[in-house]
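Structure, as structure tokens:
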Amino acid sequence: MQKKQGLKDRLDAINEYEQEPIPQSKLKSWKSFVGTYAGEHTAGTEFVLGPLFVAHGASAMSLVTGLLVGNILAVLSWAFFTGKISVKTRLTLYHQIKKIAGSKFTLVYNLVNAGLFCFLAGAMIAVSATAVGLPFNMEMPTLTDVFPNSIGWVATVFVVGTITTIVAMFGFTQVSKFANVAAPWMIMIFIAAAVGVLPRLGINSISDFWPVAETTIWTGEPLIGQSKFTFWHVMFFAWFCNMAMHIGMADMSLLRYAKKWQYGFSSASGVFLGHYIAWIASGILYSLFLLESDNSLVFAPGPIAYEAAGIAGAICVVIAGWTTANPTLYRAGLAIQSINPKWKTWKVTLFVGLFTTIAACFPALVMRLLEFVALYGLILMPVGAIIFVDIYVLPRIGLRSNYAELKNISFNPAVAWTWFITLAVCLLLNLFIGIEIFFLGLPGWFIAVGGYIVCSRIFQKPTAHKMATPTPIPTTVNAN
Amino acid sequence: MTFFLKIFSFVGLGLTLVPSFLVFQGFIEPGLSKTLMLVGTIIWFATAPQWLNKFQEEPKDE
């Protein structure tokens, strides 16, 4: 009983500064971010996304060049958008939104956000489960599965989900520590697994690689039922697959701990290891699987990694899924907790973990990951654009930042209309002009920026009395 | 002590990565490579947590 109480006290004492700016003494070094980003983006998703480029018939040249350009654009977005704003405000995304949009809008946004985070974390728990189930000869899901295919699958997912949730309940520090340890080893496994199977693909020297890559691995021919990916698909996907994190500002929750905005460049460790080397490596593994299984419909990263790298490969799938699911669960917990700051972080995370684990039982979450990731970024992106405009543009055109806080209102209609209009126009662009979901983020950002400026002009009322006596914004800390 | 732990850790990472290149060159069989990768994994996770996070918690990191 004594021990139980001690654990509860420990959990209650965890303060992640969800509702206040990070104090200077709690800022983290750039090495912490390099490790966190490398751990987060060399992850379970890589075992799924790399193979999906193969399935969508990306050519070798479009893959190599598209990933290079797209990843550079992603790093620049992290530094110049998320990094600068995080260091300027030192607040979580959710607290910043509350100041701009009001508590009622934040409630809706947070629920949407938390739901999306849960589904992403759920996909990663499912990926881990494909490896955990290996010793039990569990029936693996296939590309066409939507519902759980066995009791064994459900039980395995629940075991993985429970462990993931318990770790996430202890907060960002524990997650960061584990990611730091696992990251260097994971990238070694990705590389080793791919290199080790090259002879089975007919590659016996470095000069063999490119011809085989073009004719056997990334053939340029999509699998039956899959759309064709070009350079532009690859580039935009690499740029926007984490759009919610950089342009959408979700990583304010992490980068608010940064001493300088330039720490945003540390995201390069994640994208170039995870979204370049690991995607190429997992693509190689999947193409070998297709070759040797006569184009089997089974889609399970666990067995593929086990076949290539043995037990270490299977462990890598478990840990890769885990290190993605953990920070994502943590973010979802923050999103829910901001609805009621009195709720304890660990209790919220426990609830979110349960919901996520239930979602993870559905294999469709993994099989449609490409589309889900693009949709997830698109839905959350407009709010990031709104924050950008609110901080950098509105004060320069005579409008007020943090309007909800300034006017003490719980709902800023300018934000709600901007979000709605942006997503509605994107939907119309998709339905009537045929722009694929992977490309919608770019026009969507400009629509959101323009829309918020126009809506703010319409909805902001003159604040003559308050403008006459300007006061510093109390929760804004300018560290640099 | 930390110095030796780091040496062990990097040996672990080396055992995880290098055998696959030896398979590629035809020097060893894939089965041996997988065993060595597992040994490297165990060494890494047994030693790296002892120094990696402590190193990152130090304030002199600028």
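The values are calculated or read from the model by the stated rules, or taken from the named source; none is laboratory data. Source: prediction; values computed, not measured. Please note: Cβ atoms are built from the backbone with ideal geometry, for glycine as well, and neighbour counts cover all protein chains shown.
Report yes if some residue within region A:230-243 is of a type in the set (Gly, Ala, Ser) and either within 14 Å of chain B (Cβ to nearest Cβ) or not in a helix (DSSP H, G or I) (or both); otherwise report no. The answer is no, given that none of the residues of region A:230-243 is of a type in the set (Gly, Ala, Ser) and either within 14 Å of chain B (Cβ to nearest Cβ) or not in a helix (DSSP H, G or I) (or both).
Condition check ((1) closer than 30 Å to A:Phe190 by Cβ; (2) modelled with pLDDT under 80; (3) assigned to a helix (DSSP H, G or I)) across all residues:
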| site | (1), (2), (3) |
| --- | --- |
| A:Gln5 | no, yes, yes |
| A:Tyr17 | no, yes, no |
| A:Pro51 | yes, no, yes |
| A:Thr65 | yes, no, yes |
| A:Val112 | no, no, yes |
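The criterion of being closer than 30 Å to A:Phe355 by Cα and either within 14 Å of another protein chain (Cβ to nearest Cβ) or in contact with a Phe, Trp or Tyr (Cβ under 9 Å, 6 or more places away or on another chain) (or both) holds for A:Val167. Of all the criteria given as (1) crowded, with 22+ Cβ neighbours inside 10 Å; (2) free of Cβ contacts under 8 Å to residues at least 40 places away in the same chain, the one not satisfied by A:Met249 is (2). Do we find a residue being surrounded by 22 or more Cβ atoms within 10 Å (Cβ to Cβ), touching a helix residue (DSSP H, G or I) at 6+ places or on another chain (Cβ under 8 Å) and part of a loop (DSSP other than H, G, I, E, B) anywhere in region A:382-398? No, region A:382-398 has no match at all.
Among the residues of region A:129-145, those identified as in contact with a Ser or Thr (Cβ under 8 Å, 6 or more places away or on another chain) and part of a helix (DSSP H, G or I) are A:Ala129, A:Val132, A:Phe136. Of the residues examined, B:Gln56 is not one that is more than 7 Å from chain A (Cβ to nearest Cβ) and modelled with pLDDT under 90.
Scanning region A:197-228 for residues that are farther than 21 Å from B:Ser33 by Cβ and among the β-branched types (Val, Ile, Thr) yields A:Thr215, A:Thr216, A:Thr219, A:Ile224. Output the residues belonging to region B:10-40 that are at the interface with another protein chain (Cβ under 7 Å from one of its Cβ atoms) and aliphatic (A, V, I, L, M). Listed by number, the residues that qualify are B:Leu13, B:Leu17, B:Val23, B:Met37, B:Leu38. Within this structure, A:Tyr306 fails the test of being aromatic (Phe, Trp, Tyr), buried (at least 20 other Cβ atoms within 10 Å of the Cβ) and more than 14 Å from every other protein chain (Cβ to nearest Cβ). Comparison of B:Ile43, B:Ile7 shows that the only residue that is more than 9 Å from every other protein chain (Cβ to nearest Cβ), modelled with pLDDT of 90 or more and surrounded by 14 or more Cβ atoms within 10 Å (Cβ to Cβ) is B:Ile43.
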